Amino acid sequence: MNIITLSPENIAIEHICCSISSKSTETGVAAKKEWLSCRMQEGLRFKKLDARGKVFIEYLPAENAWVPIIADGYLYINCFWVSGSFKGKGYGKQLLAECEADALKDGYKGVVLIVGQKKKPFLSDKAFMLRHGYEISDSCPPFFELAVKRLDKSTPLPRFKDWARQGMGHGIQGIDIFYTAQCPFTVPYTKLLESVILASDYPVRLHQITTKEMAQNHLAPVTSYCVFINGKFFTNEILTPDKLRKIIETEL
C-alpha cells in the first residue's frame, strides 16, 4: 500500500488514524488537526498508510517537540502506531524507514522518541525500536526512557531535562490533569470529567498545555496527557469519568 503524507492542502479531507469514525471524538479530531497544521509550519511530518486504520508515524525537529528533552539536531517521533490487523505486515518498519530517510536527507544527527521500560499504553514499543537499531540514552521515573538511533555517532545522546524528573513538588493536595491537543482523545475525554469534578469535594484541577514552551518545561516526560496525585506523577493513561471517581474515592 502507498504512504500518504499529510499537508496543509489535504489535512481537511484525510483522516488522522487515531479516531476515524467516532462522533464522540469529533471535537478532539478537529483540535488535533489544528495542532498538526500549526506544527507543520515548524517541520512536523505526518505519514500514514493509505488505508482505513491506525497505521502512522508523526515526527518533527526535536527543538520543536512538545516534550522536556534535550536533543539538539535530532528528529523526534511524536507518535508511532500500527494496530489491529495491520500488525506483523512490515508497515511499522516501512514508516520508521521513511522517518529515518528524512532525517538522513535533511542532515539530522539521529532520531529519538520516548518509550516505556516495559510495554505501556500510549507509548511506542521499546522492543520494536531496539530490534531496529535503537539504544536507550536516558531514563526518567517511573518508567520512561529515551530510545535513539544516532546517524552521527559522535553527537551527544539525547536526555530528559532535569525538571521532568521532579514532579510538582511536596505539599500539593489533589489531582492535577495536564493535557494537550496532540491526541484526539484528550480534549473530549477531559470534557467528560467536568461533571465528576463539579460533584466532588476533592480538589481536581485541569491544565491545558497550549504552547511549545509550556510543554518543554513540563514536570513530567510526557505532555499529551498525564495525571498527578498530590504532586506525584500517577499515569499517562487517559481517565474516564469512572476511573476518576475511583481515584477520588481512594484518596478520600
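Points worth noting:
- Of everything listed in (1) farther than 22 Å from T235 by Cα; (2) crowded, with 18+ Cβ neighbours inside 10 Å; (3) in contact with a helix residue (DSSP H, G or I) (Cβ under 9 Å, 6 or more places away or on another chain), the single unmet condition for A103 is (3).
- Residue satisfying all of: in the range 180-214; aliphatic (A, V, I, L, M) and touching a helix residue (DSSP H, G or I) at 6+ places or on another chain (Cβ under 7 Å); nearest to H15 (Cα to Cα) among these: A181
- A97 meets the conditions (1) closer than 17 Å to E58 by Cβ; (2) within 19 Å of the chain's Cα centre (by Cα) in every case but one. The failed one is (2).
- The residues on offer are Y76, Y91, Y59, and the sole one that is more than 27 Å from T190 (Cβ to Cβ) and either not acidic (D, E) or not assigned by TED's automatic domain parsing to the domain that holds L219 (or both) is Y91.
- Every residue from the range 49-80 that is of a type outside the set (F, W, Y) and part of a strand (DSSP E or B): L49, V55, I57, E58, L60, P61, I69, I70, L75, I77, N78, C79
- Criterion: closer than 27 Å to R245 by Cα and either basic (K, R) or at pLDDT 95 or above (or both) - qualifying residue of F185, F144, F122, F160: F144
- Of all residues in the range 97-152, those satisfying the criterion of being touching a Lys or Arg at 6+ places or on another chain (Cβ under 7 Å), more than 19 Å from G167 (Cβ to Cβ) and small (G, A, S) are G110, G133, S137, A147.
- Lone unmet requirement of (1) surrounded by fewer than 19 Cβ atoms within 10 Å (Cβ to Cβ); (2) farther than 22 Å from P221 by Cα; (3) in contact with a helix residue (DSSP H, G or I) (Cβ under 7 Å, 6 or more places away or on another chain) for F128: (2)
- Summed over the range 81-115, the residues that are more than 23 Å from P156 (Cβ to Cβ) and assigned to a strand (DSSP E or B) give a count of 2.
- In this structure, L239 qualifies as of a type in the set (A, V, I, L, M, F, W, C), over 18 Å from A31 (Cα atoms) and in contact (Cβ under 8 Å) with a residue 40 or more places away in the chain.
- Beta carbons closer than 6 Å, at least 6 apart along the sequence or on distinct chains, pair a first residue in the range 113-138 that is on the phi > 0 side of the Ramachandran plot with a second that is part of a strand (DSSP E or B) and modelled with pLDDT of 95 or more for G133/K149.
- The range 138-186 - residue that is of a type in the set (F, W, Y) and closer than 30 Å to E249 by Cβ and, of those, surrounded by the most Cβ atoms within 10 Å (Cβ to Cβ): F178
- Residue in the range 28-44 that is of a type in the set (V, I, T) and part of a strand (DSSP E or B) present: no
- Considering residues of the range 213-246 that are outside any loop (DSSP other than H, G, I, E, B) and of a type in the set (V, I, T) only, the residue farthest from I114 (Cα to Cα): I229
- Among the candidates P142, P158, residue that is within 30 Å of I197 (Cα to Cα) and touching a residue at least 24 places away in the same chain (Cβ under 8 Å): P142
The values are calculated or read from the model by the stated rules, or taken from the named source; none is laboratory data. These numbers come from a predicted model, not from an experiment. Reconstructed Cβ throughout: ideal geometry from the backbone, glycine too, with neighbour counts over all protein chains shown.
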